[in-house]
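Below: the structure, in structure tokens.
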Amino acid sequence: MNALDRRQFLQLAGIGGAVFVSGLAGSAGAMSAMAGGAEDFFFVQLSDTHWGFEGAPNPDAKGTLPKAVVAVNALAQAPDFVIFTGDLTHTTDDPKERRKRMGEFRDMAAKLNVKTVRFIPGEHDASLDSGRAFKEFFGPTNYSFDHKGVHFIVLDNVSDPGAKLGDEQLAWLGTELKAQPADARIVVFAHRPLFDLYPQWDWATRDGAAAVELLMGHPNVTVFYGHIHQEHHQMTGHIAHHSAKSLIFPLPVAGSQPKRAPLPWDPAEPYRGLGFREVKAAPATPAYAITEFPVMKA
């Protein structure tokens, strides 16, 4: 496939893209922080691939991830990095099968034409073995890095089967934040939401409020997460939280039906509700331009 610009990509995919601008509208501190040698850049977020899943909610379960890789590689410009925000694989009680799925997923992700690909675990990857297999294949479950004027923090709210960050990680987060200037531009990645979106469906982090409280001390924070298999945007104070679509099956809106269950596959629109996103940062504004892309049909 030849490189496509955004408009061509969306036309070919047969669906329009949605652009959502996140962040504070013109904080002077953020403007000065970004002016100090920062550059435009963008990254791609993919989430909840659930490699190894089989079932009626996605008859093309083995084809969706490869299609997404082709779609990302078809972008006219390669992203600065790609990040998968959890549930790379579908849960299994068999440690051997868990590692087999992770190896297969790693090999497919390696086909992305991007210099840097980052990973964080989901509960399907990590909750049954405290993240041991994930670490063998992908490294630490929480970490930080800097890129073109933005400090990125990856949190692990899944390795603890109780859906907690834990005191040790919260202390680490506090240390990370203290090392940053007050007006630093900070992006947080997690799998579960840090706020109580719908705890009845495990759409929460039990000690997420403590993490949000630590983050509130910085005026320019944005959180990207997965887990809920749908696009969702919410504010906690001045912090914007954005969930990503899944690459395996969509889930219903919180509380819209008695049980959390995948939405049925629609043969007429076979990839409806699935997709990935591009997030663009620019020095001229503290906001992020978010473009949602569908999974391309074969």
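Overview of results
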read-out	value
The chain, relative contact order [Cα under 8 Å, separation at least 6], %	26 percent
Positive-end residue, the chain charge dipole about Cα centroid, Cβ charges, pick of Ala244, Thr291, Ser144	Thr291
The chain, dipole about Cα centre (Lys/Arg Cβ +1, Asp/Glu Cβ -1), debye to the nearest 20	600 debye
Modelled label reach - Glu39, point 7 Å along Cα→Cβ, the range 246-289 residues with backbone N closer than 14 Å	281-283
Cα centre as origin, Lys/Arg/Asp/Glu Cβ charges: the range 122-243 dipole, Debye	260 debye
Computed lengthening from Asp107 to Trp201, 0.36 nm per intervening residue step minus Cα-Cα distance	30.7 nm
Helix-derived mean residue ellipticity, 222 nm - over the chain, DSSP H n ≥ 4, -39500 (n - 2.57), to 500	-7000 deg cm²/dmol
Segment Ala182-Glu136, length gained on full extension (0.36 nm per residue, minus Cα span)	13.0 nm
Shape call, the range 165-298: gyration tensor on alpha carbons, a/c limit 1.5	oblate
Percent RCO, i.e. relative contact order, over the range 51-170, from Cα pairs under 8 Å lying at least 6 residues apart	22 percent
Top positive-direction residue, dipole computed over the range 128-244 with Cβ charges, set His191, Ala179, Gly131	Ala179
Apportionment of accessible area to carbon and sulfur, the chain, percent (1.4 Å)	53 percent
Alpha-carbon Rg with Dmax, taken over the range 80-165, Å	13.1, 42
Positive minus negative residues near Asp207 (Lys, Arg vs Asp, Glu; Cβ under 13 Å)	-3
27 Å Cα-Cα reach of Lys67 towards lysines, excluding residues that sit fewer than 8 places from it in its own chain	Lys96, Lys100, Lys111, Lys115, Lys135, Lys245, Lys280, Lys297
Overall form of the range 40-121 per C-alpha gyration tensor (a/c, 1.5; a/b vs b/c)	prolate
Antiparallel %, DSSP beta bridges [both residues in the chain], to 5	55 percent
Listed residues His227, His238, His90, most fluctuating in the chain (Gaussian network, C-alpha, under 10 Å)	His238
The range 121-219: radius of gyration and largest Cα-Cα distance (Dmax), Å	13.5, 39
Solvent-free Debye scattering, log10 I(q)/I(0), computed from the Cα coordinates of the range 222-278 at q = 0.23, 0.24, 0.30 Å⁻¹	-0.94, -0.98, -1.21
Whole-number percent relative contact order across the range 122-198, with pairs defined as alpha carbons under 8 Å at least 6 apart	32 percent
Linear extension gain, Asp93 paired with Arg272, 0.36 nm per residue minus alpha-carbon span	61.4 nm
Under 24 Å from the Cα of Lys178 - lysines, other chains or at least 8 residues apart	Lys148, Lys164
Formal net charge of residues neighbouring Phe195 (Cβ-Cβ distance under 14 Å; K, R +1; D, E -1)	-2
Most to least packed among 39-46, 80-87 [average Cβ atoms within 10 Å]	80-87, 39-46
Rounded accessible area per residue of the chain, 1.4 Å, Å²	43 Å²
Glu168-Gln234 pseudo-label distance in nm [points 7 Å out on the Cα-to-Cβ vector]	2.9 nm
Convex hull volume per residue in cubic angstrom - Cα atoms of the chain	127 Å³
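The values are calculated or read from the model by the stated rules, or taken from the named source; none is laboratory data. All values derive from a computational prediction rather than experimental measurement. Heads up, the Cβs are rebuilt from the backbone with ideal geometry, glycines too, and the neighbour counts pull from every protein chain shown. Please note that ligands, DNA and RNA were not included when accessible areas were found on the heavy atoms of the full protein model with its side chains. Shrake-Rupley method; radii C 1.70, N 1.55, O 1.52, S 1.80 Å.
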